[in-house]
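The structure appears right after this line, and notes come after that.
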Amino acid sequence: MLKYFLPNQHVKTVFDIQPETLKERGIKGIITDLDNTLVAWDVKDATSEVLQWFKIMKDHDIKVTIISNNNQERVEIFSEPLGTPFVYSARKPLSKAFKTVAREMELKKEEVVVIGDQLLTDVLGGNLAGFYTVLVVPIVKTDGKITKINRSIERRILNYMRRKGKISWEE
Ligand SMILES: [Mg+2]
């Protein structure tokens, strides 16, 4: 069971993920979380760095879709200026949104990476749906209410995995 909480890769920020390395591995699509992955959860709009990252992916024909558990208003206001497809109220870690998006991208599971900052939603959901998962360090330490509970569970899982030698990164 615990293996589903283990990401395939761990990076500091989403900007460490670049098209060249993705393409080497045959990746053609990205499913990314929004809050604390692309911007802090309380930041409304994409930063210039985020805009640039989306542009680079587009230039390399890598499709990006945002999947968020947050509400329509939040996800729509952020995503529309980026011209990127998005799913709000996605109910991660349920597999449905991940699978639907891969189908809409017309890509196979092996061609898509799932990126997010939370083990209990992004990593668990991506793993259960059969995707390659990448965990990023949350942009800010603060969180919304529900996320706070998830974080305390997450902390325990991470500590356990660290003790078992399953993860080697430092935070
Ligand atoms: Mg998040």
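Being among the hydrophobic types (A, V, I, L, M, F, W, C) and buried (at least 23 other Cβ atoms within 10 Å of the Cβ) is the filter; apply it to region 103-123 and report the residue that is farthest from the ligand (Cβ to nearest atom).
Val112
Has region 154-164 got any residue that is within 16 Å of the ligand (Cβ to nearest atom), surrounded by fewer than 17 Cβ atoms within 10 Å (Cβ to Cβ) and without any contact (Cβ under 8 Å) to a residue 12 or more places away in the chain?
yes
Out of Thr133, Thr84, Thr142, I need the residue that is part of a loop (DSSP other than H, G, I, E, B) and at pLDDT 95 or above. Which one? So that I can check it myself, show each step before the final result.
On the way: Thr133 fails: part of a loop (DSSP other than H, G, I, E, B); Thr142 fails: at pLDDT 95 or above.
Going through Thr133, Thr84, Thr142 in turn, just one is part of a loop (DSSP other than H, G, I, E, B) and at pLDDT 95 or above: Thr84.
Can you tell me how many residues within region 24-49 are outside any loop (DSSP other than H, G, I, E, B), crowded, with 20+ Cβ neighbours inside 10 Å and among the hydrophobic types (A, V, I, L, M, F, W, C)?
Count: 2.
Quick check on my filter: what residues within region 16-52 are within 16 Å of the ligand (Cβ to nearest atom) and closer than 25 Å to Lys108 by Cα? If you could, list the steps in order and put the result at the bottom.
So in region 16-52, the residues within 16 Å of the ligand (Cβ to nearest atom) come out as 17, 30-44, 46-47, 50.
Those that are within 16 Å of the ligand (Cβ to nearest atom) and closer than 25 Å to Lys108 by Cα: Ile17, Ile30, Ile31, Thr32, Asp33, Leu34, Thr37, Leu38.
Condition first: surrounded by 15 or more Cβ atoms within 10 Å (Cβ to Cβ) and either of a type in the set (Ser, Thr, Tyr) or touching a strand residue (DSSP E or B) at 6+ places or on another chain (Cβ under 8 Å) (or both). Now tell me which residues in region 86-99 satisfy that.
Scanning region 86-99 gives Phe86, Val87, Tyr88, Ala90, Lys92, Ser95, Ala97, Phe98.
Can you tell me which condition Ser79 does not meet? The list is (1) open to solvent by less than 10 Å² (accessible area, probe 1.4 Å); (2) within 13 Å of the chain's Cα centre (by Cα); (3) within 15 Å of the ligand (Cβ to nearest atom); (4) over 17 Å from Leu124 (Cα atoms), and all the others hold.
Answer for Ser79: the failing condition is (2).
Would you check if there is a residue in region 3-19 being at pLDDT 95 or above and more than 15 Å from the chain's Cα centre (by Cα)?
Yes, region 3-19 contains a residue that is at pLDDT 95 or above and more than 15 Å from the chain's Cα centre (by Cα).
The values are calculated or read from the model by the stated rules, or taken from the named source; none is laboratory data. Just so it is clear, the model here is predicted, and its values are computed rather than measured. Positions of Cβ are generated from backbone atoms using ideal geometry, with glycine treated the same way; all protein chains shown enter the neighbour counts. SASA here: full protein model, heavy atoms, side chains in, ligands and nucleic acids out. Shrake-Rupley method; radii C 1.70, N 1.55, O 1.52, S 1.80 Å.
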